[in-house]
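Here the structure comes first, spelled out in structure tokens, and everything after it is commentary.
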Amino acid sequence: MKEFIIIGAGQSGLSMAYNLSNNNKDYLVLDANEHIGAPWLKRWDSLTLFTPTEYNHLPGMKFPFPKGYYPNKYEVAEYLKSYVEQFKIPIEFNQKVTSVKKVNGIFEVITGSSHYQAKQVIVATGPFHTPYTPPCHLDIADNVTQLHSENYKNPSQLQDGDCLVVGAGDSGVQILSEIAETGRTVHFSGTDKIAAIPQTFLGKTLWWWFSKIGFLSVSRYSKVGKWLSKGVQPVIGTDVKSLLAKDNVIHMGRTLSADESHITFQKGSVSSIKNIIWATGFKPNFFWIDGISFDEMNYPSNYRGVSSDVEGLYFIGLPWLYTRGSATLGGVYKDAEYLMTHILDVKAA
Ligand SMILES: Cc1cc2nc3c(=O)[nH]c(=O)nc-3n(C[C@H](O)[C@H](O)[C@H](O)COP(=O)(O)OP(=O)(O)OC[C@H]3O[C@@H](n4cnc5c(N)ncnc54)[C@H](O)[C@@H]3O)c2cc1C
């Protein structure tokens, strides 16, 4: 039996592993993927971070690029790999946890092929689990290529003909921009009232301004934090106005329905679409954990990552776990430190 099992070897799980190692705790990390950095490598090829180097450091090891540089996804994956090597973090890959249940004070952790036991469990499975695609995608003709943003890599996956990109978040507008660059007609579905902020302003990076005005440390439990965490997050670093003004980009409003030959939007029906990218987000899935309750978004009830329901169970890496920085490379260390201190305090009490 382990003292701790961490589920998930992304930045959140690794930050927790670093803290447990520093405190000489006996632990094991389990990860569903085959190798470190997989969630980053699976994202689209041209992805670069919206946070510059100086906001990407995990605890104990600097992100190895110059200040002001925006790393690509390969560089992030490489950094996570070096991190695991540097701190000799014990990880078992290809272990997707399908059930966690506390029985007689011990956590039973079940994967497809193994059964583990631990006194405490830290869930670090990330914020993005089940891709969401609106039900009308089932009504669309079979000869239309449909991809969720989770599976989109680059425009070479598309067949000839018009494209539709659905979703007005960061992923939607970045993918729209990349496909529009190819010159084909791209229909865009989603609001055109997108709040967008540039990556730099008055010679400083956006994240410099965020930290200067205290935005990154506003707690979700404060009045301002409650308002910020519930609001729509602005798009970062894409010039949305110029993008939507391009001749080959057609704004259609919301997607309403579809049949074999047409897709109907707020602004009319289109029959020429041959490719669709659904950048319509993800739903969390923590239903495999026994005995926990959920908030209105189906995230586990917790205070700063400490489960409200099950003693010895923790969460890290949830969006706005405590602040906007909680689900970022450079911000997760604060939550990991808090949890470590909590764990040590409980033990000492
Ligand atoms: C498109 C995109 C761009 C982003 N850009 C930035 C950026 O510029 N800067 C920034 O700081 N942040 C950025 N983020 C936010 C955040 O840093 C990433 O989402 C990051 O991957 C979250 O790290 P994590 O460790 O919490 O989760 P993940 O990286 O998702 O890692 C979770 C791990 O848990 C494993 N896992 C999941 N379920 C199970 C299970 N049941 N059993 C076992 N293992 C499991 C997965 O295999 C995975 O390895 C971005 C996110 C996205 C989606």
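Read-outs: derived from the displayed coordinates by stated rules, not from any lab. Keep in mind that this is a model prediction, so the values were computed, not measured. Heads up, the Cβs are rebuilt from the backbone with ideal geometry, glycines too, and the neighbour counts pull from every protein chain shown.
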Filter the trypsin sites (Lys or Arg not before Pro) in the stretch 55-88 down to the DSSP loop ones having no more than 13 other Cβ atoms within 10 Å, then list what survives. K62, K67, K88
Most exposed first, judged by fewest Cβ atoms within 10 angstrom, T98, T328, T125, T200 run T98, T200, T328, T125
Ratio of the stretch 194-330's C-alpha Rg to 2.2 N^0.38 Å, to two decimals? 1.40
Per its Cα gyration tensor (rounded if a/c is under 1.5, else prolate when a/b beats b/c, else oblate), the stretch 97-256 is best filed as oblate
How big is the Rg/Rh ratio for the stretch 1-61, C-alpha atoms only, Rh by Kirkwood, two decimals? 1.03
Cα atoms only: what Rg and Dmax, in Å, come out for the stretch 181-220? 15.9, 44
Treat every Asp and Glu Cβ in the chain as -1 and every Lys and Arg Cβ as +1, leave all other atoms uncharged, and give the resulting dipole magnitude about the Cα centre to the nearest 20 debye. 1040
Write down, largest first, the equivalent ellipsoid semi-axes of the stretch 279-349 in whole Å, where each equals the square root of 5 times an eigenvalue of the alpha-carbon gyration tensor. 22, 18, 8
Principal axis lengths of the stretch 72-125 from Cα atoms, whole Å, largest first? 44, 21, 16
Hey, could you pull the Cα Rg and Dmax for the chain, both in Å? 21.5, 67
Considering all projection directions equally, how large on average is the shadow of the alpha-carbon convex hull of the stretch 13-123, in square nanometres? 7.8
Here the stretch 134-141 yields Karplus 3J(HN,Hα) values (6.51, -1.76, 1.60; θ = phi - 60°; whole Hz; Gly and Pro given as x) of x, x, 5, 5, 6, 8, 7, 4
Rule-of-thumb Rg ratio for the stretch 168-252 [Cα; 2.2 N^0.38 Å; N residues]: 1.29
Can you tell me the convex hull volume per residue for the stretch 132-184, based on C-alpha atoms, in Å³ to the nearest whole number? 87
